[in-house]
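The values are calculated or read from the model by the stated rules, or taken from the named source; none is laboratory data. Predicted model only: the values in this text are computed from it and were never measured. When we count neighbours, we look across all protein chains shown, and the Cβ atoms used for this are built from the backbone with ideal geometry, even at glycine. We work out accessible area using only protein heavy atoms, side chains counted, and drop any ligands, DNA or RNA first. Shrake-Rupley method; radii C 1.70, N 1.55, O 1.52, S 1.80 Å.
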Amino acid sequence: MSSDIVIIGGGLAGLTAANRAAELGLNPILLEQGSDPQYFCNSRFAGGILHVAFKDLTAAPEEITVAVQAQTGDGEATALGPVMAEECGRALTWLRSEGAKFIKGGSLEFMRWILAPPRPRGAGLDWKGRGPDVLLRKLTTNLSERGKTLRLDVRARELVVEDGRVTGVVVESGSATETISAGAVVISDGGFQANMELMRRYVSPAPEKLLQRGAATGNGDGLLMAEGAGAKLVGMDRFYGHLLGREAFDIEKLWPYPIVDPIAAHSIVVDKAGQRFLDEGMGGVYMANEIAKLNDPLTATVVFDDAVWNGLAADNRYPPCMNPVFVNAGGTVLAAPDLVTLAQKVGVSAEGLSATVAAYNAAVESGDTHAPVRTVSKFRPQLIATPPFRAIPVCAGITYTMGGIAIDRDSRAQAQSGDAIPGLYAAGSASGGMEGGSRAAYLGGLTKAVITGLRAAEAAAGETQEAG
Ligand SMILES: Cc1cc2nc3c(=O)[nH]c(=O)nc-3n(C[C@H](O)[C@H](O)[C@H](O)COP(=O)(O)OP(=O)(O)OC[C@H]3O[C@@H](n4cnc5c(N)ncnc54)[C@H](O)[C@@H]3O)c2cc1C
């Protein structure tokens, strides 16, 4: 079999690249390892909110660029971030031209473009017939109506490289192995979060103690293939994720929602010694990353008071409010009249916790929003003063890895030298360099998938025309 462009992975990035390639006159073959027509992938499980750095996709690019820079800071994720700002409006227009339907989700800016119909706010996974599932099915139909191929139950395993150029893919289907020749290959396999060996190498000393907060289909095949072909890898230590109640390992209803981030970001997270070890004000994605770095990531606990539990934790906006949704779904909220008793219930040092809370409260009262309370004051710290005091044992949920194959603005995979590897592209969560960095910048996984998918297809089409 041969084609001018082979795309690995049928998530939103892969389906975007395949449809755009077909629109541009190429003859794409899209390979998907899942065998069910409604194969699982992160795109299908997503909440369906399209934003860039929590900005409306139709905001002025300059305004979005400022928001992107605020997320990425001066880390390595800055170079490609502006592509998101420049391209998100076009990505939205393209999706609508493919039949995507959106609704406005509420007053918060980042919820302006939600794939319709939205998932209801509530606990657990709820994907069937929701906006992202509907969009994936629509893009699959569009591809088939364009006369192009989606091959299910095919797992890409190796790239064929000739004279430094990627010219094909070796794939497995059942017990059969086959080589597909290709003018270009796009890797869009969704990252490496489900590959414990890679996760241990790059993200966490104990990856089995992180909860897979997604489809867990990103097994790092694309990353390993690209690395074998000489690709540079970037930003490998960061992932997109959230804090979840620790019982989420056993209780399905507790993942991927509700997330504990909103409480944690306004309160404190402590370790076994009862001490803080991260800056809660940096938000949930950052906190999940810091927890993952602990030798034992299952030792983090969020501590707060009754005012928080019956105040912001009961706020019924996005994400699904914790109180009472979390408890109703089986989550544990420990409560005690004083901090010593709470520490005993949680199993952390009572002395340590009391000292930590005293120092934290003093800093909050003094209005000092810098260390040791916050280095970023995005989330206003709340006093821990109103009994009963409360605690939620948490775990870090990993949705997708933010690092991956280094790409340029056209989604071309880069070699160690920084030059593009001829014939090789990466898109969506397989690509690295847009998100991550020291602040664990999250710019929006769905929008990233569409933009990088579009650009990969367009650059590959340009390359084919030049060659022809
Ligand atoms: C619960 C949840 C909520 C989310 N909510 C949002 C949200 O509201 N907004 C947002 O922007 N982002 C959200 N995300 C993140 C978003 O879903 C992802 O960033 C995005 O879908 C990534 O798309 P992708 O195409 O790169 O990867 P995926 O959707 O993961 O697709 C990759 C595909 O590649 C296939 N594959 C893997 N290896 C191979 C191989 N070797 N050969 C062939 N096929 C292979 C997989 O089976 C999979 O189908 C959410 C994710 C989850 C899990």
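Overview of results
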quantity: Qualifying residue in region 211-219 (condition: open to solvent by 40 Å² or more (accessible area, probe 1.4 Å), under 14 Å from the mean Cα position of the chain (by Cα) and farther than 17 Å from ASP189 by Cβ); calculated: no
quantity: Scope region 287-317; condition out of contact with any Pro (no Cβ under 9 Å at 6 or more places or on another chain), over 21 Å from ARG200 (Cβ atoms) and surrounded by 19 or more Cβ atoms within 10 Å (Cβ to Cβ); matching residues; calculated: VAL303, PHE304, VAL308
quantity: Search result, residues across region 136-152 that are near the ligand (Cβ under 10 Å from one of its atoms) and either open to solvent by 20 Å² or more (accessible area, probe 1.4 Å) or on the phi > 0 side of the Ramachandran plot (or both); calculated: ARG151, LEU152
quantity: Candidates PRO28, PRO82 - the one that is under 25 Å from ALA457 (Cα atoms), free of Cβ contacts under 8 Å to residues at least 40 places away in the same chain and over 17 Å from the mean Cα position of the chain (by Cα); calculated: PRO82
quantity: Within region 252-280, tally of residues that are away from the ligand (no atom under 16 Å from the Cβ) and within 27 Å of GLY191 (Cβ to Cβ); calculated: 7
quantity: Residue satisfying all of: in region 441-468; touching a strand residue (DSSP E or B) at 6+ places or on another chain (Cβ under 8 Å), outside any helix (DSSP H, G or I) and open to solvent by less than 10 Å² (accessible area, probe 1.4 Å); nearest to the ligand (Cβ to nearest atom) among these; calculated: GLY444
quantity: Region 62-99, residues that are under 15 Å from GLY444 (Cβ atoms), in contact with a helix residue (DSSP H, G or I) (Cβ under 6 Å, 6 or more places away or on another chain) and open to solvent by 10 Å² or more (accessible area, probe 1.4 Å); calculated: THR65, PRO82, GLU86, GLU87
quantity: Count of residues meeting criterion [closer than 12 Å to ASP221 by Cα and open to solvent by 70 Å² or more (accessible area, probe 1.4 Å)] in region 153-171; calculated: 3
quantity: Counted residues, region 221-235 - those being free of Cβ contacts under 8 Å to residues at least 40 places away in the same chain and within 8 Å of the ligand (Cβ to nearest atom); calculated: 0
quantity: Failed item in (1) within 16 Å of ASN142 (Cβ to Cβ); (2) within 14 Å of the ligand (Cβ to nearest atom); (3) buried (at least 22 other Cβ atoms within 10 Å of the Cβ), with ALA21 passing the rest; calculated: (2)
quantity: Enumerated strands (runs of 3 or more DSSP E) restricted to region 160-273, each holding at least 3 residues that are out of contact with any Lys or Arg (no Cβ under 7 Å at 6 or more places or on another chain) and over 30 Å from ALA385 (Cα atoms); calculated: 165-173, 176-187
quantity: Subset of region 103-131 that is open to solvent by 30 Å² or more (accessible area, probe 1.4 Å), away from the ligand (no atom under 12 Å from the Cβ) and of a type in the set (A, V, I, L, M) - its residue that is nearest to the chain's Cα centre (by Cα); calculated: LEU108
quantity: Members of region 24-61 that are open to solvent by 30 Å² or more (accessible area, probe 1.4 Å), near the ligand (Cβ under 9 Å from one of its atoms) and over 15 Å from THR447 (Cβ atoms); calculated: GLN33, PHE40
